[in-house]
Amino acid sequence: MQIDLKGRTALVTGSTQGIGAAIATGLARSGARVAVNGRSADRVREGAAAVEREVPGADVVPVAADVTTEEGAGKVAETLSQVDILVNNLGVFGAADPLEITDAEWRRYFEVNVLAAVRLTRLFLPGMTERGWGRVQYIASDSAIVTPAEMIHYGMSKTALLAVSRGFAKQAAGTGVTVNSVVAGPTHTGGVEDFVYELVDRDLPWDEAQRAFMREHRPQSLLQRLIEPEEIANMVVYLSSDQASATTGGALRVDGGYVDSILP
């Protein structure tokens, strides 16, 4: 399958590292003009430079802005006159005693993981529908479906994204714009290796260590290894393409079989 995104402009929020960086690189490799986003100007420049190293000649736009605020979202809209592919990747996560999560923390998870994505969709979806083409995606998580007891606030926010995605897909019905969510499973991102080695034998080579971790601590995974960020990016790139024109309103799983159901 030859995916050609030349002439399309993509915005990937939270794309200076991890899954977001892999998505930005994948979109650039397919020819899209890619806006790399984060709060820190220095980190955004570094993230943009990393994409350019991976994809020589890539058209990369650094956009330093805090999209969890109205001001930051407005700055993005001022910088990018048009967005054809919006990937709402930005998110926070962490473990906490469910009975100790404060009101402020509940609000923070909702505002960062959900409201920021809603705000950007509100800004860019009208232009997509007017032009008759567009792609909006939300990076969700297996926690949206299998809510961890120690991460209820995170799971709540990701479940909300599934509803947001389905609702905006209905808003965009018949316009040529597709709206989907991507359900990511346990992924090999920054800090995960240290976490894995806290739970398994530190003398094991990484490949063996991660498989031991999955067997002992994530046994429901059918993949039995951590997912690489590039594997999440592959789904996002496909959903951004003309080839995915009939896929909308969906929750597409890249979870390695972690969720034990046929449908989300």
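Helix 70-79: angle to the longest alpha-carbon principal axis of the chain, degrees 0 to 90, nearest 10? Long axis of 70-79 versus the principal axis of the chain: about 50 degrees. The simple Förster model, with R0 at 45 Å and r as the Cβ-Cβ distance, assigns residue 71 and residue 234 a FRET efficiency of 0.85. Note on residue 201 and residue 147: the model spin-label points, each 7 Å out from Cα along the C-beta direction, lie 3.9 nm apart. Reported to the nearest whole Å, the Cα centre-to-centre distance from region 155-208 to region 1-46 is 17. Once backbone amide H atoms are built at 1.01 Å from N, residue 35 has 10, 11, 12, 61 as its partners under 5 Å, excluding neighbours fewer than 5 places away on the same chain. Overall, region 1-143 carries a charge dipole of about 540 debye about its Cα centre when +1 sits on the Cβ of Lys and Arg and -1 on the Cβ of Asp and Glu, all other atoms neutral.
With both labels modelled 7 Å from their Cα along Cα-to-Cβ, the residue 130 to residue 175 distance reads 1.1 nm. Here's the list of aspartates and glutamates a cross-link from residue 170 could span, going by alpha-carbon distance under 20 Å and ignoring same-chain residues fewer than 8 apart: 84, 130, 242.
The charge dipole of region 49-106, taken about its Cα centre with unit charges on the Cβ atoms of Lys, Arg (+1), Asp and Glu (-1) only, comes to about 280 debye. Only the Cβ atoms of Lys and Arg (+1) and of Asp and Glu (-1) were treated as charged; on that basis the dipole of the chain about its Cα centre amounts to roughly 1040 debye. For P(r) over Cα pairs in 10 Å bins from 0, in percent, several values are listed as [x] 7, 29, 33, 22, 8, 1, 0; [y] 7, 30, 37, 21, 5, 0; [z] 8, 33, 38, 18, 3, 0; flag the one computed from this structure. Step by step, P(r) over Cα pairs in 10 Å bins from 0, in percent for this structure corresponds to label [y]. Here the gap between residue 262 and residue 99, fully extended at 0.36 nm per residue and compared with their Cα-Cα distance, gives a gain of 55.5 nm.
Read-outs throughout are calculated quantities, based only on the coordinates presented, and are distinct from any laboratory measurement. Quick caveat, the model's predicted, so the values are computed rather than measured. Please note: Cβ atoms are built from the backbone with ideal geometry, for glycine as well, and neighbour counts cover all protein chains shown.
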